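A short write-up of the structure that comes next.
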């Protein structure tokens with residue numbers, strides 16, 4: 001990933017952390033994206049774009065886990081009813 005190269009050169013490049021998070025978000029790798037946003041926020045606590053993106057990914061991750069949990073319960077109830 002190009003952002004990794006930029007971060008190798010300058011690990012304090014806040015925009016690279018934020019943009020890497022966006023790419024990971026697009027790939028639905030929310031946990032990895034959140035780590036990138038955290039790094040961007042560590043370097044610049046006032047980065048509202050990173051803060052908003054992190055909040056959105058936390059919601060998406062929560063929704064994903066909730067959906068998986070409901071699917072598990074559905075499968076469990078089908079097994080129990082047999």
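Being at pLDDT below 95, farther than 12 Å from residue 25 by Cβ, in a helix (DSSP H, G or I) and under 11 Å from the mean Cα position of the chain (by Cα) holds for only one residue in 77, 62, and it is 62. Return the pair list, or none, for Cβ contacts closer than 6 Å from residues in the stretch 20-35 that are under 16 Å from residue 6 (Cα atoms) to residues that are modelled with pLDDT under 95, at least 6 apart or on different chains. So the pair list comes out as 20/3. Residues in the stretch 59-70: is at least one in contact (Cβ under 8 Å) with a residue 24 or more places away in the chain and either within 19 Å of residue 3 (Cβ to Cβ) or in contact with a strand residue (DSSP E or B) (Cβ under 8 Å, 6 or more places away or on another chain) (or both)? Scanning the stretch 59-70, I find no residue that is in contact (Cβ under 8 Å) with a residue 24 or more places away in the chain and either within 19 Å of residue 3 (Cβ to Cβ) or in contact with a strand residue (DSSP E or B) (Cβ under 8 Å, 6 or more places away or on another chain) (or both), so the answer is no.
The values are calculated or read from the model by the stated rules, or taken from the named source; none is laboratory data. A quick note: this is a predicted structure, and the numbers were derived from the prediction, not measured. Neighbour counts run over all protein chains shown; Cβ positions are idealised from the backbone, glycine included.
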